[in-house]
Amino acid sequence: MREFFTDLWAFLRLRKKIWLLPVFVLLALLGALVVASQQSALAGFIYTLF
């Protein structure tokens, strides 16, 4: 997993696509939110946020 992030960072830096980093972070956070909302105990708390 660490190699993936190292390669991603090298790609973004080499291609001057650093502006894509916040997009990737946001997508990862949204993915984590979806996974967390699948848990029955956390679903009620997450739905009240929206």
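Being open to solvent by 90 Å² or more (accessible area, probe 1.4 Å) and modelled with pLDDT of 80 or more: is that true of LEU49 here? Spelling it out, it is not the case that LEU49 is open to solvent by 90 Å² or more (accessible area, probe 1.4 Å) and modelled with pLDDT of 80 or more. Each residue in the range 1-30 was checked for being in contact with a helix residue (DSSP H, G or I) (Cβ under 7 Å, 6 or more places away or on another chain) and of a type outside the set (A, V, I, L, M, F, W, C), and 0 pass.
The values are calculated or read from the model by the stated rules, or taken from the named source; none is laboratory data. Quantities reported herein were computed from a predicted structural model and do not represent experimental measurements. Cβ: placed from backbone, ideal geometry, glycine included. Neighbour counts: every protein chain shown. Quick note on the areas: whole protein, heavy atoms, side chains included, nothing else; ligands and nucleic acids left out. Shrake-Rupley method; radii C 1.70, N 1.55, O 1.52, S 1.80 Å.
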